[in-house]
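Note sheet for the following structure.
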Ligand SMILES: [Zn+2]
């Protein structure tokens, strides 16, 4: 399935995070296989479904659908945008748009979101293996840039 198609996340069942209770979306196993460190991956249970918690206040990144297992940010090879406020953390993982790089484009004619959208339309994105949330970053990019322009 195309990770950036508008239909990608619709109809996905939501499961409550065992730590913070936020209702969260399932991610594909390929996302965990790509992004978990070996020590965490070695404990992953492929028969389980896994869910991504996007709550910035919660330390859990992934949990299994039956709540038997959780993974924290330290279990991932990459920093997690939702859990890490540093400027060098990617907002768009596929095309390496960090907060810092987005900040530098304020006032430019070519907006990052438009550049990312163009790549998405050409079929170059791979959010399911690059982005811990396992889905398109464009909503995060737009929200972050909106926040910059308001500040
Ligand atoms: Zn949580």
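Just so it is clear, none of the values below were taken in a lab; they were calculated from the coordinates. If you're wondering where the values come from, they're calculated on a predicted model, not measured in any experiment. Cβ coordinates were reconstructed from backbone atoms using ideal geometry, including for glycine residues, and neighbour counts include every protein chain displayed.
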Is there a residue in the stretch 96-108 that is more than 17 Å from residue 30 (Cβ to Cβ) and buried (at least 20 other Cβ atoms within 10 Å of the Cβ)?
yes
Consider the stretch 80-98. How many of its residues are under 22 Å from residue 120 (Cα atoms) and in contact with a helix residue (DSSP H, G or I) (Cβ under 9 Å, 6 or more places away or on another chain)?
11
